[in-house]
Amino acid sequence: MTAIELISDDIPLLKTSDSGKVALMWMNEFHVKHLPIVNNEQLLGVVSEEDVLNMGEVEEPIGSYRLSYFRPYVNENEHVFNVLKTLAEMKLTIVPVVNSEETYLGVISLDSLLQRFSNLAALSEPGAIISLELSVRDYSLSEIARIAESSDARVLSLFTSSHTDSSKMEVTIKFNRDDIAGIVAAFERFGYKVMAFRHESEDKEFFKDRYDALMNYLNM
């Protein structure tokens, strides 16, 4: 999944002639704290809610104020993980998308990206989740899949996160079955440490914890 596929069609852009009041109104309406400033399809930068509030006279055009105009963006062909990394590193609620000529194409909002990311992680599919702790050198995707299949289960999604001990890692796996006892037993039988497991009803909170851990990792 690339950036061009993730563009949010409903979030408006600002022109330098738009007032700070308009910017704040749109930020409130679309639940974001940043908006792109674009003139003639050229991305000038991104304005934040803090920028606007520091203006003083919000009735004045944005172009008449001294702004930071920092200019974050992603290329239209960048992978969803790079988009996520940019949003996390720069603490943005939106990120502009440009083409190879740096022509503005649209923005990706954090909310819409999280929704797409949840679909990518198979959150909408029924099933259980297991979190394993293992040595980095022992990680094998093929073995994890084989153990799951030995319990008549299939891996729907999997991602890893760092551990405070650099020799260890955490692997979070979602399976296509909600009956988790047999899967847990299979991994324990092969010497894996099962840190946590969740049933379908607890999926969203569990993946929220994993997402928060990912954000912390990307911000290191």
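Tabulated data for the structure shown
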{"read-out": "Selection count, the stretch 37-54, where residues are without any contact (Cβ under 8 Å) to a residue 40 or more places away in the chain and part of a strand (DSSP E or B)", "value": "6"}
{"read-out": "Any chance residue 23 is under 20 Å from residue 114 (Cα atoms) and touching a helix residue (DSSP H, G or I) at 6+ places or on another chain (Cβ under 7 Å)", "value": "no"}
{"read-out": "Single match in 37, 7 (criterion: more than 30 Å from residue 161 (Cα to Cα) and either surrounded by 15 or more Cβ atoms within 10 Å (Cβ to Cβ) or assigned by TED's automatic domain parsing to the domain that holds residue 113 (or both))", "value": "37"}
{"read-out": "Odd one out for residue 199 among (1) surrounded by fewer than 18 Cβ atoms within 10 Å (Cβ to Cβ); (2) at pLDDT 80 or above", "value": "(2)"}
{"read-out": "Hits in the stretch 44-60 (condition: among the β-branched types (Val, Ile, Thr) and more than 20 Å from residue 72 (Cβ to Cβ))", "value": "58"}
{"read-out": "Check on residue 184, within 27 Å of residue 80 (Cα to Cα), modelled with pLDDT of 85 or more and either surrounded by 14 or more Cβ atoms within 10 Å (Cβ to Cβ) or not assigned by TED's automatic domain parsing to the domain that holds residue 81 (or both)", "value": "no"}
{"read-out": "Long-range neighbours under 9 Å by Cβ, at least six apart or interchain, first residue farther than 14 Å from residue 34 by Cβ within the stretch 89-114, second of a type in the set (Ser, Thr, Tyr) and part of a helix (DSSP H, G or I)", "value": "114/211"}
{"read-out": "Residue in the stretch 49-58 that is farther than 18 Å from residue 93 by Cα, of a type outside the set (Asp, Glu) and crowded, with 16+ Cβ neighbours inside 10 Å present", "value": "yes"}
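The values are calculated or read from the model by the stated rules, or taken from the named source; none is laboratory data. Since the model is a prediction, treat every value here as computed from it, not as a measurement. All Cβ positions, glycine included, derive from the backbone under ideal geometry; neighbour counts span all protein chains shown.
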